[in-house]
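Asks: First the structure, which I've put down as structure tokens, then a few questions once you've had a look.
The values are calculated or read from the model by the stated rules, or taken from the named source; none is laboratory data. Model, not experiment: these values are computed from the prediction. When we count neighbours, we look across all protein chains shown, and the Cβ atoms used for this are built from the backbone with ideal geometry, even at glycine.
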Amino acid sequence: MKNLLYALLSGIILATAWPTYGFPLLLFAAFVPLMYAEFRIRNSQKKYLKLKIFAASYLSFFLWNLLTTYWLYFSTPFGGAFAILVNSLLMAGIFLLYHIVAKRSNFKAASAFFICIWIVFEKLHLGWEFSWPWLNLGNAFSKYHNWVQWYEYTGAFGGTLWVLLVNVAIFKMLLAWKEFRKKEILYRGIIKIAAFIAIPIAISYLIRSNYTESTNTLEAVILQPNINPYTEKYNTNDTRIGDLLLKLSAEKVTETTDILVAPETVFADGTVLSNFPRSEASFYGRQLIEKYPTINFLSGISFFERFQDPELVEKQSNLIGPNDWYNDYNSAFMMNSENPQQLYHKSKLVVGVENFPYKDILKPILGDIMIDLGGTVAMKTTQDDRSVFQLNNSYTTAPIICYESVYGEYVTGYVHNGANFLTIITNDAWWGDSPGHKQHLSYAKLRAIESRRSIVRSANTGISAFINEKGDVVKSLGYEEQGSIKNMVTLNSGETFYVKYGDYIARISQLLAVFLFLFAVVRYKRRR
């Protein structure tokens, strides 16, 4: 029963540390109760050890996932349940690997393995087709972004490493005190742990106070149409949407405005890709350019492309009938007086909603279960490169679509390709007025710090915002408010250490995790 309570305690602490309602300081001790439960089970019981460890850890991680991402259910009941249950399963599997190594090696090796294997797990979640990095530990500091200005050197994995190191230090102090019962152990441990937490925060504030934003700027206007995706989005048409965008733009756009941004898939009728120049979206874009010749109009749109040539079939193509396929795109476009058509297709897709993971393997087994349970109807088609949009003033921006903004190293690809600032277009209304859209906005602040790029964020129902190079939200428009906001945006051309080297912490952890696991197994066999 005590081990069960320890497991519950870890889950509750992890959840109460999470943004946007939580306090991340709690995260530094969140794994300690679960690690102590594993220690107790490992040293006091002999039967069904792995099963007991797995059950305890699954309870912790299920509680964490449920309390922090329950809002997924509002957009896709099956997808939400799948994400919570399976992500908890994966986390419990990672903790079970830690138990296997801890049983076969000393404290230092086991602790190092736990840190490395957890980072490897988070890195896996950034790259495979079941990708769900929402609960990567480094994201927890997004609301308290002033604590992690050094993300420009480490990325969010620096936050994960920080959290895990402190948890291990607290766990070590607890075990030493339990064994020797000396107050000096607690005093020295508390001082060391306080330093482990305080020094990175102090360094962060020092970096922030000495950081100077770029002096080059442009004027941007964000539109927030506030279209309800359940009752309005697909019951209206692109003509009405275009008229609404013209109305909203007239509130703030002037002759000095450089870029006007509308949200993800705001033009949702489904435009044939090759017919874009003759589409309603293009028509309204041209109207804006005629009225404001220097403006750059960036917006979201739904495209499709139908074809009968088997040689054009790609992995993500959707079959309609015999020799009849189509590609479905969630895209961004930009129009200006110099270039009437720049396109980018969203390439980090929401599992079960926009893609069928490992379709070639799972489709023959599961059939249409994804559709039957409210999941994806059509696979979205992606692109390999991170295109940037060229403004008519020689600057460039990154057309980041929705879920893509959660991926740190992925976003650096736009910066490598020359993006002077980041643009995020999204539609968070699927989750309702829940923590989901607040967390999504909060995570964007980390991308600003990692790349030192200002962000222009247009959300269909909110929260639309301007974020500066330090990660501060300098102006925003609240959830379910219709309107527009205007602000100056800084333009940066430099590259941070993280932009240059990406997730190097994860790559090092991958090597160390393999080495430590092999070391533990070989050493155990030699002892036997």
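Asks: Take the conditions at pLDDT 90 or above, surrounded by 15 or more Cβ atoms within 10 Å (Cβ to Cβ) and within 23 Å of LEU422 (Cα to Cα) and apply them to SER279. Does it pass?
Replies: Values: at pLDDT 90 or above: yes; surrounded by 15 or more Cβ atoms within 10 Å (Cβ to Cβ): yes; within 23 Å of LEU422 (Cα to Cα): no.
No; evaluated as a whole, the condition is false for this residue.
Asks: Being surrounded by fewer than 18 Cβ atoms within 10 Å (Cβ to Cβ), in contact with a helix residue (DSSP H, G or I) (Cβ under 6 Å, 6 or more places away or on another chain) and assigned by TED's automatic domain parsing to the domain that holds PHE113 is the filter here, so list the residues in the stretch 460-510 that pass it.
Replies: Answer for the stretch 460-510, where residues must be surrounded by fewer than 18 Cβ atoms within 10 Å (Cβ to Cβ), in contact with a helix residue (DSSP H, G or I) (Cβ under 6 Å, 6 or more places away or on another chain) and assigned by TED's automatic domain parsing to the domain that holds PHE113: just GLN510.
Asks: Consider LEU260 carefully, then state whether it is part of a loop (DSSP other than H, G, I, E, B), crowded, with 18+ Cβ neighbours inside 10 Å, in contact with a strand residue (DSSP E or B) (Cβ under 6 Å, 6 or more places away or on another chain) and hydrophobic (A, V, I, L, M, F, W, C). If you could, list the steps in order and put the result at the bottom.
Replies: Working: part of a loop (DSSP other than H, G, I, E, B): no; crowded, with 18+ Cβ neighbours inside 10 Å: yes; in contact with a strand residue (DSSP E or B) (Cβ under 6 Å, 6 or more places away or on another chain): yes; hydrophobic (A, V, I, L, M, F, W, C): yes.
Here the answer is no, as LEU260 does not meet what is asked.
Asks: Report whether or not ASP385 is over 25 Å from TYR443 (Cα atoms), at pLDDT below 95 and of a type outside the set (Lys, Arg). Before you say what the answer is, go through the steps one by one.
Replies: Numbers: over 25 Å from TYR443 (Cα atoms): no; at pLDDT below 95: yes; of a type outside the set (Lys, Arg): yes.
So ASP385 does not fit the description; no.
Asks: If I ask for residues that are more than 28 Å from TYR187 (Cα to Cα) and not polar (S, T, N, Q), which ones from the stretch 145-176 would you list?
Replies: So in the stretch 145-176, the residues more than 28 Å from TYR187 (Cα to Cα) come out as 145-146, 149-157.
HIS145, TRP150, TYR151, GLU152, TYR153, GLY155, ALA156, PHE157 - these are the residues of the stretch 145-176 that are more than 28 Å from TYR187 (Cα to Cα) and not polar (S, T, N, Q).
Asks: A further question on this structure: Across the stretch 303-318, what is the number of residues that are outside any helix (DSSP H, G or I) and either of a type in the set (Lys, Arg) or surrounded by fewer than 10 Cβ atoms within 10 Å (Cβ to Cβ) (or both)? If you could, list the steps in order and put the result at the bottom.
Replies: Taking the stretch 303-318 first, the residues outside any helix (DSSP H, G or I) are 303-309, 313-318.
Filter once more, so that each one left must be either of a type in the set (Lys, Arg) or surrounded by fewer than 10 Cβ atoms within 10 Å (Cβ to Cβ) (or both): 306, 309, 315.
Summing the residues that are outside any helix (DSSP H, G or I) and either of a type in the set (Lys, Arg) or surrounded by fewer than 10 Cβ atoms within 10 Å (Cβ to Cβ) (or both) in the stretch 303-318 gives 3.
Asks: Then there is this: Could you list, ordered by first residue, the pairs with Cβ atoms under 8 Å in which the first is in the stretch 303-314 and closer than 20 Å to GLN341 by Cβ and the second is surrounded by fewer than 14 Cβ atoms within 10 Å (Cβ to Cβ) and among the β-branched types (Val, Ile, Thr), at least 6 apart or interchain?
Replies: Pairs found: PHE303/VAL272; PHE304/VAL272; GLU305/VAL272; ARG306/VAL272; ARG306/ILE320.
Asks: May I pose another question? Go through ALA398, ALA429, ALA419, ALA448 for me and flag whichever is part of a loop (DSSP other than H, G, I, E, B) and buried (at least 24 other Cβ atoms within 10 Å of the Cβ). It would help to see each step written out before you state the result.
Replies: Working: ALA398 fails: part of a loop (DSSP other than H, G, I, E, B); ALA429 fails: part of a loop (DSSP other than H, G, I, E, B); ALA448 fails: part of a loop (DSSP other than H, G, I, E, B).
Being part of a loop (DSSP other than H, G, I, E, B) and buried (at least 24 other Cβ atoms within 10 Å of the Cβ) holds for just one of ALA398, ALA429, ALA419, ALA448, which is ALA419.
Asks: Out of everything in the stretch 388-422 that is small (Gly, Ala, Ser) and within 20 Å of SER214 (Cα to Cα), what residue ends up being modelled with the lowest pLDDT?
Replies: Filtering the stretch 388-422 down to residues small (Gly, Ala, Ser) leaves 394, 398, 405, 408, 413, 418-419.
Subset that is within 20 Å of SER214 (Cα to Cα): 394, 398, 418-419.
Numbers: SER394: 89, ALA398: 97, GLY418: 95, ALA419: 97.
Looking at the filtered set, the residue picked out is SER394.
Asks: Can you find a residue that is surrounded by fewer than 21 Cβ atoms within 10 Å (Cβ to Cβ) and either assigned by TED's automatic domain parsing to the domain that holds THR397 or in a loop (DSSP other than H, G, I, E, B) (or both) anywhere in the stretch 181-189?
Replies: Our first condition is that a residue be surrounded by fewer than 21 Cβ atoms within 10 Å (Cβ to Cβ); within the stretch 181-189, this holds for 181-189.
The next check asks that each one be either assigned by TED's automatic domain parsing to the domain that holds THR397 or in a loop (DSSP other than H, G, I, E, B) (or both); those that pass are 181-182.
Yes, that holds for at least one residue.
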